[in-house]
Amino acid sequence: MMNVVNDFMQALLNVDRLLAKKIIDDHVSIMHPIQLIEDIVVVALERIGTGWQDGTYALSQVYMSGRICEEVVDTILPPSDPDRKDQPKMAICVLSDHHKLGKTIVYSLLRASGFELLDFDIVEVNDMVARVKEQKIKILLISVLMLPSALKIKKVKKIFKDEGLDTKIIVGGAPFRFDDQLWQEVGADAMCETASEAVSVVHNLMECVS
Amino acid sequence: MIKNQMTSLQRVMATLGHNEADRVPFFLLATMHGAKELGMSIKEYFSKPENVVEGQLKLRAKYRHDCIYNFYYAPIEIEAWGGEVIYSDDGPPNSGAPFIRSFDDIKKLQAPLIDEVPCLKKVLKSTQILKEKIGDDAPIIGVVMSPFSLPIMQMGFDKYIELMYEAPDLFNILITINEEFCIRWANAQLKAGATAICYFDPVSSTTISTKEMYLKTGFKIAKRTIGRIDGPTATHMASGRCLPIVENLIQTGTAVLGVSWQEDVRQLKTVCQNKISVLGNLNGVEMRRWTPEKAEEEVKKAISKAGSGGGFILSDNHGEIPFQVPDDVLMAISEAVHKWGQYPLHWLSDYRQTR
C-alpha cells in the first residue's frame, strides 16, 4: 500500500491529474471508497501537509493536491453518498479578509477525506453568528490571514457564550502559526498548523460534540 | 570616518558593504504606528502625504531607527489598478474582492499610469517632502509589490496558483503587464527621492512556490525587473522561507534579503556572508505580547547570530509591524539594539557560552 501512496503523492506533487485519477481508478474496484480515501488519499495529503510544515513542499503544491483530490473523491464518493461520514454539521469561513486560499485548501482536504461541510465564504462576525445559528452548525472552521481578523474571533466566541451556543471553533492561518498561544487567547477550541491537520482535529472534536 | 559619528545612511551603507559600522543598523518597519503618534485613525492618516511624513519623522525621533519607511499599505497598488481597499481601525488596509474575476479579464488588462493615480501621487509627494526634510541623514525606503506577487491581490491566491499551473500563456501576459508597472512605479519613487526600493516577493518564497517553479518564474521575473530599477533593491519574503533559493536571489541583483523568523538567521547569514545583506527577523505577530525583557533577549539573540562582520540589519520579519505591538516593546527593541548592537560585539563570546 505504501508504494501506491507514494505514487499517488508524487502524482499530486507533480500536479498530474490524469495519473492521480488513474491510481484511484485502479483501486476503486478492489477497495471500498471510504477505505480507499482513508488509506491512500488522506495519507498522501497528510504527508504533503507535513512536508509543507517542514519546508519540503510548497503551498502551491498543497493547494493543487487538495483540488485534485477533491475532484477525484467526488467521482468515487458523490456529495450525497450515504457512505460519506456520519458527522456533526460543519461549516468553514474566512473571517473579514479577502484571502481565501487557506479556507479553500481546508475545504478541499476535508471533502477529499469524505467529510461534508458548508462553505460560508467571506463573512463578518455578525453574519457568521447568524448563519451558525440558522444552520445549527456544531463545528465551525475559521481561516484568517491577517492578525486583526484573528483577534475578531474573541468576539465570535463571546457571542457564542452569551447566546448559549455550544459550537466548537477550529482556527487556522498565518497568525496562529506565528504565535502559538494566539488560538487560546481568542478562545478557539483547537488550532490547525496545516490544512491536513484539520482532518484529525475534526475527528477529535467530533467526539466532543456527538 | 569616526565610527560613532555615523549617520543612519552611513551606517546602512557600511553594513551593506559587509563591514561593521558603529552599530548594527535598525529598521523599524512601522507603518500604522505613525497614525497612533498623530492621534488619528489609520484611514485619516493615509489620506494625506503630510500625515505620513509627520508620522515617519515622529517615529524615527522616538525610536532612533535607521530608515524612513515610506510604505503606506500593500493594496495601494491595487487601488491604483481600480481595485477596492478596505480600511480597518486596528490593522493595515486590506485588498477587497479581486478585480480580475476570470482568466479572460487578463487579456484586456491595462496598467495604470503613475502620474494619473491619486493614491500613487500621495506616495510620491511624501517621498519628496521626506527627502527635503532628512536629506542624506537616513535612507528613504520605497516599496513595490513584485510583478510575480501582485496577482495574489489582483485575482486571489487560489485562482493565481491555478493560472500558474493551467494557463501559462495568460500568466505570461499578466506578468509582462505587471513588470512594466512595477518598474515604472519603482523608478518614480526613486526619482522622487527614495534611496532604495523594497521589492516584496512572498510568492517566490519556498513557503509558497517550489524551487523548480521559482526558477522558471519568480527568479527570471525578478532578474528582469530588478535589472531595470534605477537604484538598489531589498527583496523581502514577507515571512516566507527562502534558504533553498538564496543563491538564486543573489543572482537577481538585489542587495538585501528580508527573511523569516521561521528560518535560522545564523544559517541565513552564513549563506549570505559577503554576498547579500540580511534584514530581519524578529517575529512581529508574537511581538504583540512580548515584555520589554523578552524584546531585549530577542534582539540580543538575533545580533548574536547575524551581527558579526556587518551585512545585517535588525528588523521584523514581515516588513510591517502589527498595529497591536505596544510602544514599550518597540522602545525596548530600540534600546536593546542601541545597547547590544554597538560594534565591536565584545559581549558575544560570553553570551554564546551561556546559551
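The values are calculated or read from the model by the stated rules, or taken from the named source; none is laboratory data. Owing to the predicted nature of the structure, the values given are computational and were not obtained by experimental measurement. Cβ placement follows ideal geometry from the backbone for every residue including glycine, while neighbour counts extend to all protein chains displayed. Calculation scope for accessible area: heavy atoms of the full protein, side chains included, ligands and nucleic acids excluded. Shrake-Rupley method; radii C 1.70, N 1.55, O 1.52, S 1.80 Å.
Find how much the distance from B:Glu180 to B:Gln5 grows on full extension, using 0.36 nm per residue of separation minus their present alpha carbon separation; answer in nm with one decimal.
In short, 58.9 nm is gained.
If you place +1 on the Cβ of every Lys and Arg, -1 on the Cβ of every Asp and Glu, and leave all else neutral, what size is the dipole of the protein assembly as shown about its Cα centre, to the nearest 20 Debye?
Charge dipole, the protein assembly as shown, about its Cα centre: 1400 debye, nearest 20.
Just how large is the dipole of the stretch A:21-169 about the Cα centre, in debye to the nearest 20, putting +1 at every Lys and Arg Cβ and -1 at every Asp and Glu Cβ?
Magnitude of the dipole: close to 700 debye.
If you take every residue apart from B:Ala192 with its C-beta less than 9 Å away from the C-beta of B:Ala192, what net charge results, scoring Lys and Arg +1 and Asp and Glu -1?
Result for the local shell: +3.
Residue by residue, what Karplus-based ³J(HN,Hα) values in Hz, rounded to whole numbers, does the stretch A:167-179 have, using 6.51, -1.76 and 1.60 with θ = phi - 60° and x for Gly and Pro?
4, 7, 10, 10, 10, x, x, 3, x, 6, 6, 7, 9
Pop the C-beta distance of B:Asp350 and A:Val28 into the FRET formula with R0 = 56 Å and round what comes out to the nearest 0.05.
Rounded to the nearest 0.05, the efficiency is 0.30.
In nm, to one decimal, how far is the modelled label at A:Glu207 from the one at B:His338, with both set 7 Å along Cα→Cβ?
Placing both labels 7 Å beyond Cα along the Cβ direction yields 5.5 nm.
Between B:Leu9, A:Val156, B:Thr254, whose Cα lies farthest towards the positive end of the dipole of the protein assembly as shown when Lys and Arg beta carbons carry +1 and Asp and Glu beta carbons carry -1, centred on the Cα centre?
So the residue we want is B:Leu9.
Any idea what the relative contact order of the stretch A:2-76 is, in percent, if you count C-alpha pairs under 8 Å spaced at least 6 apart?
41
What distance in nm lies between label points placed 7 Å from Cα along the C-beta direction at B:Glu50 and B:Ala111?
It is 3.3 nm.
How far is the Cα center of the stretch B:238-314 from the Cα center of the stretch A:155-210, in Å?
Using only Cα atoms, the two centres lie 31 Å from each other.
Could you tell me which residue out of A:Val123, A:Ile23, A:Ile92 lies farthest along the dipole of the protein assembly as shown toward its positive end? Charges go on the beta carbon: Lys and Arg +1, Asp and Glu -1, centred on the Cα centre.
Of the candidates, A:Val123 comes out farthest on the positive side.
Note down the net charge around B:Glu180, summing +1 for each Lys or Arg and -1 for each Asp or Glu among other residues with Cβ under 11 Å from its Cβ.
For residues surrounding B:Glu180, the net value is +2.
Where a ≥ b ≥ c are the square roots of the eigenvalues of the C-alpha gyration tensor, would you call the stretch A:2-76 rounded, which needs a/c under 1.5, or, failing that, prolate if a/b is larger than b/c, or oblate?
Prolate, since a/c reaches 1.5 and a/b exceeds b/c.
Please determine, in degrees from 0 to 90 and to the nearest 10, the orientation of helix B:292-306 with respect to the longest principal axis defined by the Cα atoms of chain B, where the helix direction is its Cα long axis.
80
Just how large is the dipole of the stretch A:120-189 about the Cα centre, in debye to the nearest 20, putting +1 at every Lys and Arg Cβ and -1 at every Asp and Glu Cβ?
140
Whose amide H sits under 5 Å from the amide H of B:Thr206, counting only residues 5 or more places off or on another chain, with H placed in the peptide plane?
Long-range HN contacts for B:Thr206: B:Arg241, B:Cys242.
Could you work out the relative contact order of the stretch A:1-142, using alpha carbon pairs under 8 angstrom and six or more residues apart, expressed as a whole percent? Don't skip to the end; give the middle numbers.
Details: 177 pairs, mean separation 35.2, N = 142.
The normalised contact order for the stretch A:1-142 reaches 25 percent.
If you take the charge dipole of chain B about its Cα centre, with +1 on Lys and Arg Cβ and -1 on Asp and Glu Cβ, which of B:Gln110, B:Phe99, B:Pro292 is farthest toward its positive end?
Result: B:Pro292, furthest along the dipole toward the positive end.
Pairs to check: B:Lys62/B:Lys121; B:Lys121/B:Lys220; B:Lys125/B:Lys211; A:Lys22/B:Lys216; A:Lys100/B:Lys211. Give those whose C-alpha atoms are more than 31 Å from each other in this structure.
B:Lys125/B:Lys211
Pairs of Cα atoms under 8 Å, at least six residues apart: use those to get the relative contact order of the stretch B:222-331, whole percent.
Averaging sequence separation for qualifying contacts and normalising by length gives 28 percent for the stretch B:222-331.
Does the stretch B:171-275 come out rounded, prolate or oblate by the C-alpha gyration tensor, with a ≥ b ≥ c the root eigenvalues, rounded set by a/c under 1.5 and, if not, prolate when a/b is larger than b/c and oblate if not?
Here the stretch B:171-275 falls in the oblate category.
Expressed as a whole percentage, what fraction of the accessible surface of the stretch A:90-209 belongs to carbon and sulfur atoms when a 1.4 Å probe is rolled over the protein heavy atoms?
Accessible surface attributable to carbon and sulfur in the stretch A:90-209 totals 49 percent.
Say each of B:Lys125 and B:Arg228 gets a label point 7 Å from the Cα, pointing the same way as Cα to Cβ; how far apart are those two points in nm?
Label at B:Lys125, label at B:Arg228, 2.9 nm between them.
Identify the residues of the stretch B:131-169 with backbone N under 16 Å of a label point that sits 7 angstrom from the Cα of A:Asp74 along the Cα-to-Cβ direction, or state none.
Within reach of a label on A:Asp74: B:159, B:162.
Taking a ≥ b ≥ c as the square roots of the eigenvalues of the Cα gyration tensor of the stretch A:90-209, is the shape rounded (a/c under 1.5), prolate (a/b larger than b/c) or oblate?
rounded
Between 0 and 90 degrees, rounded to the nearest ten: what's the tilt of helix B:168-192 against the longest Cα principal axis of chain B?
In chain B, helix B:168-192 runs at an angle near 50 degrees to the longest axis.
So how much slack lies between B:Arg101 and B:Lys43, counting 0.36 nm per residue of separation and subtracting their Cα-Cα distance, in nm?
Using 0.36 nm per residue and subtracting the Cα-Cα distance, I get 18.2 nm.
How high is the FRET efficiency between B:His18 and B:Glu293 when r is their beta carbon distance and R₀ equals 30 Å, given to the nearest 0.05?
The computed FRET efficiency comes out at 0.40.
Quantify, in whole percent, the carbon and sulfur part of the accessible surface of chain B (1.4 Å probe; protein heavy atoms only).
Within chain B, the accessible surface is 51 percent carbon and sulfur.
To the nearest 10 degrees, how steep is helix B:118-134 against the longest Cα principal axis of chain B, on a 0 to 90 scale?
The angle comes out at about 30 degrees.
To the nearest 500 deg cm²/dmol, what mean residue ellipticity at 222 nm is calculated for the protein assembly as shown from DSSP H runs of n ≥ 4 alone, each contributing -39,500 (n - 2.57), summed and divided by the residues?
Calculated at 222 nm, the ellipticity per residue is -14500 deg cm²/dmol.
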